[in-house]
Amino acid sequence: SQAISLRNPDGSEVTWQASSDAAWLTVATASGVTPADPELRANPTGLAAGDYAGTVTITSSGPGGALPSRQVRVTLTV
């Protein structure tokens, strides 16, 4: 597992949601308010040997409305 850091540079709270596009990749806490350190978890059970790529997409909104989404690419080698 690996934690990622979610912060708003100006210090104001931002609500966020995170989702994965790969079954083997999950986000332990899939939503919250900044600051936050959600944990990404890889589960290789059932995967054949090889390299796998997944993306976690983070959407968020602040006092002014929706903010641009961010993506975190994750690579897993089994």
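Using Cβ point charges alone (K and R +1, D and E -1), the dipole size of the chain about the Cα centre works out to roughly 80 debye.
For the stretch 1-71, what does the alpha-carbon gyration tensor say about shape, rounded, prolate or oblate, given a ≥ b ≥ c as the root eigenvalues, a/c under 1.5 as rounded, and a/b over b/c as prolate? Taking the square roots of the gyration eigenvalues as a ≥ b ≥ c, the stretch 1-71 is prolate.
Using the Cβ of P38 as centre and a radius below 14 Å, the other residues enclosed give a net charge of +1, where K and R count +1 and D and E count -1. Normalised by the number of residues in the chain, the average gap of Cα pairs under 8 Å and 6 or more apart makes the relative contact order 32 percent.
No lab work stands behind these numbers, since they all come straight from the coordinates. This is a predicted model, so every value here is computed, not measured. Glycine also receives a Cβ, built like all others from the backbone with ideal geometry; neighbour counts cover every protein chain displayed.
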